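The values are calculated or read from the model by the stated rules, or taken from the named source; none is laboratory data. As the structure is a prediction and not an experimental result, all values here were calculated from the model. A quick note on method: Cβ atoms are made from the backbone with ideal geometry, for glycine too, and the neighbour counts reach across all protein chains shown. Ligands, DNA and RNA are stripped out before the accessible areas are found, and what is left, the full protein with its side chains, is counted by its heavy atoms. Shrake-Rupley method; radii C 1.70, N 1.55, O 1.52, S 1.80 Å.
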Amino acid sequence: MDKKILHASHSDIVLRLKRAEGHLRSTIAMIEAERNCVELAQQLHAIEKAITNAKKALIHDHVDHCLEAQSSSDAASAKAALAEFKEISKYL
């Protein structure tokens, strides 16, 4: 279940998270500079969306590549894939 596989989409996810990290650093600087609350809320919303989208991309990639392959195997593997899907879907 805990596979150490780097899928093609993982590099895209890393880029998304690094962008979010940069936005977070700038937002912290904005707070320290006592910038307008509306601007801060907009930045925080953008960070939240970026992280949510990265999480969704990771989960969808896992379903597409890991669980799909596992579910088309024998019955025991299919049952394990279903259990893993139930576990990961709570993070959607």
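Quick notes on this structure:
- Max mean-square fluctuation residue, GNM over the chain, Cα-Cα springs under 10 Å, options 18, 55, 79: 79
- Karplus-derived HN-Hα couplings along region 39-56 (A = 6.51, B = -1.76, C = 1.60, θ = phi - 60°), whole Hz, x at Gly and Pro: 4, 5, 4, 4, 5, 5, 5, 4, 5, 4, 5, 4, 5, 4, 5, 5, 4, 4
- Gaussian network model of the chain, Cα within-10 Å springs - most flexible of 58, 82, 17: 82
- Rg then Dmax, both in Å and based on the Cα atoms of the chain: 17.8, 59.
- Estimated purely from DSSP H runs of n ≥ 4, each contributing -39500 (n - 2.57), the mean residue ellipticity at 222 nm for the chain is -25000 deg cm²/dmol once divided by its residues.
- The chain, relative contact order in percent, only Cα pairs under 8 angstrom and at least six apart counted: 28
- Protein accessible area in the chain, 1.4 Å probe - carbon and sulfur %: 60
- Based on protein heavy atoms only, the chain ends up with 73 Å² per residue of surface accessible to a 1.4 Å probe.
- At an R0 of 41 angstrom, the distance between the Cβ atoms of residue 44 and residue 73 translates into a FRET efficiency of 0.45.
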